[in-house]
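J.: Supplied in structure tokens, the structure appears directly below.
Laboratory data are not the source of any read-out in this text; all were calculated from the coordinates shown. All of these numbers come straight from a predicted model, not from anything done at the bench. Backbone-built Cβ (ideal geometry, glycine too); neighbour counts: all protein chains shown.
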Amino acid sequence: MKKDENVKLTAAQLAIGGLVEAGTGEAFHTGSWRSDRPVWNKDKCINCLTCWISCPDSAIKTAQDEKKGTVVVGIDYDHCKGCGICARECPPKVAALHMEAEKK
Amino acid sequence: MANLKELSKNPEKVTGGHRLCAGCGAGIVIRQAMIAAGNTPVVTVSATGCMEVSTTIYPFSAWKNSFFHSAFENAAATASGIESAYKSLNKQGKIKEDFRFITFGGDGGTYDIGLQSLSGAMERGHRMLYICYNNEAYMNTGIQRSSATPKGADTTTAPAGKVKQGKEQNKKDLTQLMAAHNIPYVAQSYMGNWNDFITKVQKALATDGPSFINILTPCRLGWNYKPEETMNIGRLAMETCLWPSYEIENGVYTINAFPKEKKPVTEFLKPQGRFKHLFKPENAPILEAIQKEVDLRWEILQRRAELGKEKKPA
Amino acid sequence: MIKPVYSKGKLAAKTGNEVMAEAMRQIEPDVVAAYPITPATEIVQIFSQFVADGKVKTEFVAVESEHSAMSATLAASAAGARAMTGTSSQGLCLMWEMLNIAAGLRLPVVMAEVNRAISAPLNIHGDQSDAMGARDTGWIQIYSENSQEAYDNMIQAVKIAEKAKLPAMVTTDGFIISHCMEVVETYPDEDVKKFIGEYKPERYLLDTKRPFTMGSIELQDYYFEHRWQLAQAMRDAKKIAVDVAADFAKTFGRQYDLYEKYKLDDAEIAIVVIGSTAGTAKVVVDELREKGVKAGLLKVRVFRPFPAQDIAKDLAKVKALAVLDRADSCSGTFAPLYSDIASALFANGITSAKVVNYVYGLGGREIAPNHIAEVYDTLGKIAAGTQKPSTDVNYINVRIK
């Protein structure tokens, strides 16, 4: 259920007690909040995962690589709010992430 | 000691799309805590607060596991009920999984309005981990002072003005108060060191009894700093010894992180708008008083840890 | 004196508190979280002994306050447990926030509530101000006239609550019922257990296969729909309570309805009352009937949901009616039961009866047959047109001037 679909169920349709199914939050996109966007450089990235563990919005996308284990594969721009923590926490010697102004 | 490559295989239990501020420390706390829990079935309980409202705006929930909230001052009592239901149903063979219970509260819900409920639950010995994401003021209602607000901080109910310079009292030492319950595991952690926090969460979850972690959680809005600095401000709290990382296991103290060199508290205070007024020349005595208090507390903690070294089994 | 009605029933002398604890033992909830308070303390104590003696499988949580008692009880219910608690007076006041939440989250917890006056001044004796203060929290409220009813109501409440998905409180009048020894017929454990059945919630927090969030924030776009659901659930609960009473009568032989009519059908003057005072009033009705006075009584058992339509119909022929409230409202106008009776009559177009309001018995103040006889006497005069009905609250047995 996406907010923009503007689905408004009736009392007869809604689950009682205000019960919400788990994990539905993903359908809400906070990407539009950004004024700056993190840009990830695959070639510089050493997959230390510091950005992944530091992100408040679960917005660092990872995948499993046979040799390297978990690797970073990009940014989830649907949810990234552009706080800049990932770029700030990326080890300075690696500098695989930097912030750019969001194009409006 | 946790390992990111291993941790990254754990399921992500908090989704994006929640409505916490960009750079919010609380978002990092809940995510890391749930990653630490790994595949263990968890029911999460929360006090009313920023984190609770932002992650559960109907009809959305950022929680992939079961999450329950009832009110502000009763998170620990609420978790007590769930844990007791589990004990009962588990004994009867109706629930077979090995559940854990994690309760979150801000400093409002933990230090102040929820203190009685927390104290009761800890004394009764419910097996739950209570995590206070302590951002040192009532942020959900708009940055009002709490008993966790440090001396000198500018908040909306203890503002800096012409005759007052923010909060006039020192903060309450809740970690010590929890330690006085003689529960098996009490810890303080800080933002900017995922390993410190995650290791503590895992230890706490392995503890057969109640456990409590107090993590200093920068709030970019209430502390008034640039959002990307959340981790760095957290580290400065540790490096100035203003918020040491330590744990108390069955009464024995261990300091978990020592700064390379102890920085002056002004390094922690300076980047934050809430302390801006303290840097006026006439407020120098307040800065001195804050430094003195930090030095005293750090000294006491080190002595407790010294005693701990003697008492610790080899 | 209670007459046995169930073939396998057992008669024993018990206080109201003992019999409520006995009902709880037989219901054997998964979790009980409670905090002691006079005059409900015994319920918790007796039940703790059952736990200590291994007579129940219940997890007993000796919480540090009534606020935590209700918090833990409703959370246990959300987790999938059958959960109960008990309290009184200030305890119920402290729970007030959580009462609303238990109802809003649609959790069928059941509470033994011993009616007691509320502070200030501090008073430990019986009146119904506590439960009346919680009358619009979304809780089913079942009041008892005596210990037998308290016992039967507790058993029925579990079933009603779980079907309606609403919390329910069963009340007794403090000391008058809670501490008085009466002969009560109890039923065998297995028959009570069979009657209430096993609790199988559709959704519960400990279900790893279908996790969910409960207690989320709802803004202008959804909150109203859920509050409507709650109000509607209460409306629907009337039929549930009637059905459960019918099942109960079929199983155990004791008849209950949402309210009880006592010599009401041809009554010209009548009293509406809740709780133990109904017993006293029945004696007065009998005396008046012997004298040829057409006096009657209506005792409200299920106050929430309020059976407005049915009550209005049954009061349609009464010429003068007194509503006796064991709680005041401090609203500047009438007390709670009167307000509901008056609006029930008005909404159903019944304007024939002159209706007056009496507040009585606050803080355990005595209400004797002569007080009630005086009310009937006044009603007689109102019905005959020789006395004007008072348009303000009347007080029984209080020194005013």
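J.: Can you give the charge dipole size of region C:260-395 about its Cα centre, rounded to the nearest 20 debye, using +1 on the beta carbon of Lys and Arg and -1 on the beta carbon of Asp and Glu? Kindly include the intermediate steps, with their values, before the conclusion.
T.: Working: 17 positive and 16 negative charges, 37 e Å.
The calculation lands at about 180 debye.
J.: Could I ask something else about it? Please give the helix B:284-311 orientation as an angle from the longest Cα principal axis of chain B, in degrees from 0 to 90, rounded to the nearest 10.
T.: Relative to chain B, helix B:284-311 is tipped by roughly 40 degrees.
J.: Trypsin sites (Lys or Arg not before Pro) within region A:1-72: which are DSSP loop residues with at most 12 other Cβ atoms inside 10 Å?
T.: Numbers: sites: A:2, A:3, A:8, A:34, A:42, A:44, A:61, A:67, A:68; in loops: A:2, A:8, A:34, A:42, A:44, A:67, A:68.
Listed in order of number, the matching sites are A:2, A:8, A:42, A:67, A:68.
J.: Could you please report the charge total around residue C:58, scoring K, R as +1 and D, E as -1 over all other residues with beta-carbon less than 10 angstrom from its beta-carbon? Provide the component values of the computation, followed by the final result.
T.: Details: positive: C:25, C:55, C:57, C:82; negative: C:28, C:30, C:59.
That sum, taken over residues with Cβ under 10 Å, equals +1.
J.: Right, another one. What are the residues whose amide H is under 5 Å from the amide H of residue A:75, where those residues sit 5 or more places off or on another chain and H is modelled from the backbone?
T.: HN-HN under 5 Å from residue A:75: A:61.
J.: Right, another one. List residues of region C:144-162, by number, whose backbone nitrogen lies under 19 Å from a label position 7 Å along Cα→C-beta of residue C:286.
T.: Once the point is set 7 Å along Cα→Cβ of residue C:286, C:145-149 turn out to lie under 19 Å by backbone N, inside region C:144-162.
J.: Any of C:55/C:159; C:250/C:313; B:13/B:263 with alpha carbons more than 29 Å apart? Name them for me.
T.: Numbers: C:55/C:159 22 Å; C:250/C:313 26 Å; B:13/B:263 36 Å.
The answer is B:13/B:263.
J.: Another question, if that's okay. Per-residue mean of other chain beta-carbon atoms within 10 angstrom of the beta-carbon, peptide A:56-69? Provide the component values of the computation, followed by the final result.
T.: Numbers: counts 18, 13, 11, 2, 2, 0, 3, 0, 2, 0, 0, 0, 1, 5.
Average neighbour count from other chains, rounded to a whole number: 4.
J.: Taking R0 as 41 Å, what's the FRET efficiency between residue C:181 and residue B:173 from their Cβ-Cβ distance, rounded to 0.05?
T.: Working: r = 53 Å, r/R0 = 1.29.
E between residue C:181 and residue B:173, to the nearest 0.05, is 0.20.
J.: To the nearest 10 degrees, how steeply does helix B:230-239 sit against the main Cα axis of chain B, on a 0 to 90 scale?
T.: Helix B:230-239 sits at roughly 70 degrees to that axis.
J.: Between residue A:100 and residue B:270, what is the FRET efficiency for a Förster distance of 30 Å, r being their Cβ-Cβ separation, to the nearest 0.05?
T.: The computed FRET efficiency comes out at 0.60.
J.: If I model a spin label as a point 7 Å beyond the Cα along the Cα-Cβ vector, how far apart are those points for residue C:374 and residue B:182 in nm?
T.: Distance between the two pseudo-spin positions: 6.0 nm.
J.: Further, regarding this structure: Can you give the average number of partner chain beta-carbon atoms within 10 Å of each beta-carbon in peptide A:24-37, as a whole number? Before the final figure, lay out the partial values.
T.: Details: counts 12, 17, 9, 4, 10, 2, 6, 2, 0, 3, 1, 1, 3, 0.
Mean number of neighbouring Cβ atoms from other chains: 5.
J.: What do you get for GluC sites (Glu not before Pro) in region B:115-195 restricted to DSSP loop and a cutoff of at most 12 other Cβ within 10 Å of the site's Cβ?
T.: On the way: sites: B:123, B:136, B:168; in loops: B:136, B:168.
Qualifying residues, ordered by number: B:168.
J.: Pick from B:287, B:115, B:89 the residue whose mean-square fluctuation is largest in a GNM of chain B, springs joining Cα atoms under 10 Å.
T.: Highest fluctuation of the listed residues: B:89.
J.: Which whole DSSP H helices in chain C pass both tests: a Cα extent of 30 Å or more along the axis and a mean Kyte-Doolittle value no lower than 0.5? Working shown, then result.
T.: Working: long enough: C:223-252 (41 Å, -0.27).
Membrane-span-like by this criterion, though nothing is claimed about a membrane: none.
J.: With an 8 Å Cα cut-off and a minimum separation of 6 or more residues, compute the relative contact order for region A:30-101 in percent.
T.: Details: 131 pairs, mean separation 34.3, N = 72.
Worked out over region A:30-101, it gives 48 percent.
J.: In degrees, nearest 10, range 0 to 90: what is the angle between the Cα axis of helix B:194-206 and the longest Cα principal axis of chain B?
T.: 40
J.: What does the net charge come to around residue C:91 if you take all other residues with beta carbon closer than 10 Å to its beta carbon, with K and R at +1 and D and E at -1?
T.: Values: positive: C:116; negative: C:66, C:113, C:130.
Residues close to residue C:91 contribute a combined charge of -2.
J.: Going 7 Å from the Cα of residue A:10 along its beta-carbon direction, which residues of region C:221-241 have the amide nitrogen within less than 17 Å of the resulting point?
T.: C:222-233
J.: Counting partner chain Cβ atoms within 10 Å of every residue's Cβ in B:2-11, what's the average? Don't skip to the end; give the middle numbers.
T.: On the way: counts 1, 1, 8, 7, 2, 4, 11, 4, 0, 0.
Partner Cβ neighbours, averaged per residue: 4.
J.: At 0.36 nm per residue, minus the direct Cα-Cα distance, what do residue C:45 and residue C:190 gain on full extension? Give it in nm, one decimal, please. Walk me through the intermediate numbers first.
T.: Working: separation 145, 0.36 × 145 = 52.20 nm, distance 2.34 nm.
Extending this stretch completely gives an extra 49.9 nm.
J.: Please give me, ordered by residue number, the trypsin sites (Lys or Arg not before Pro) of region C:279-316 that lie in loop per DSSP and have at most 15 other Cβ atoms within 10 Å.
T.: Details: sites: C:282, C:289, C:291, C:294, C:299, C:301, C:313; in loops: C:291, C:294, C:301.
Those that pass, being in a loop and sparsely packed, are C:291.
J.: Placing +1 on the Cβ of each Lys and Arg and -1 on the Cβ of each Asp and Glu in chain A, which of A:90, A:11, A:72 has its Cα farthest towards the positive end of the resulting dipole?
T.: Farthest towards the positive pole: A:90.
J.: Return a whole-number percent for the relative contact order of chain B, with Cα pairs under 8 Å and 6 or more residues apart as the contact set.
T.: On the way: 626 pairs, mean separation 48.1, N = 314.
It rounds to 15 percent for chain B.
J.: Which FRET efficiency value, to the nearest 0.05, is calculated for residue C:309 and residue C:351 with the Förster distance at 22 angstrom and r the Cβ-Cβ distance?
T.: Calculated value: 0.90.
J.: If you don't mind, there's one more thing I want to ask. Express the relative contact order of chain C as a whole percentage, based on alpha carbon pairs under 8 Å and six or more residues apart in sequence. Provide the component values of the computation, followed by the final result.
T.: Numbers: 833 pairs, mean separation 63.0, N = 401.
Rounded, it is 16 percent for chain C.
J.: Sum up the charges of everything whose Cβ sits under 13 Å from the Cβ of residue C:306, counting Lys and Arg as +1 and Asp and Glu as -1, but leave residue C:306 out.
T.: So the environment of residue C:306 carries a net charge of +2.
J.: So, in nm, how far is label residue B:289 from label residue A:43 when the simple model puts each one 7 Å beyond its Cα toward the Cβ?
T.: 5.7
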